[in-house]
Amino acid sequence: MKCLLITVAFVALFCPSESVIKCYDCIPGPSLCKTEKNCSSEYDSCIWVSLGEQRESYNCWKYSQCDGKNIEKHFNTGTFTFRCCKSDLCNSSPLTMAGSMISLSIASFLTTLLLI
């Protein structure tokens, strides 16, 4: 019985009941964001926001607040583009995503050449 209680206590302490999402998390700036963060359980999505002038922001976010009005208020700006998503590290910059797709295409092309 004592062993069962210790096991239950261990599981309760070290196995979180809610899964957390992992997002890129960087303040607005001109450089690409590579900082990863495990979001707290109150956040269920990631957000990427382009604030113009080569300034981008990456954060954990509540999906229920993923609309222009909330984002405009939070970032105190009227000109922006944003994307919310609900999977780990999904809030990379579109520029980074395009670069990854180009790399994947080149790798696929080279593999095809090697097989010929």
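Structure above, values below:
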quantity: Local net charge near Pro28, Cβ-Cβ under 13 Å (Lys/Arg +1, Asp/Glu -1); calculated: -2
quantity: Amide H contacts of Gly29 (H built 1.01 Å from N, under 5 Å, at least 5 apart or other chain); calculated: Glu56
quantity: Estimated inter-spin distance, Lys73 and Leu89, nm [label 7 Å along Cα→Cβ]; calculated: 3.3 nm
quantity: Interchain or long-range residues, amide H under 5 Å from Tyr43's placed H; calculated: none
quantity: Projected label distance in nm at Thr81 and Ile27, using a 7 Å step from Cα toward the beta-carbon; calculated: 2.5 nm
quantity: Surrounding net charge for Thr81, when Lys and Arg each add one and Asp and Glu each subtract one, Cβ distance under 13 Å; calculated: -1
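Rule-based calculations on the coordinates, nothing more; no lab input. Because the structure is a prediction, the values reported are computed rather than measured. Backbone-built Cβ (ideal geometry, glycine too); neighbour counts: all protein chains shown.
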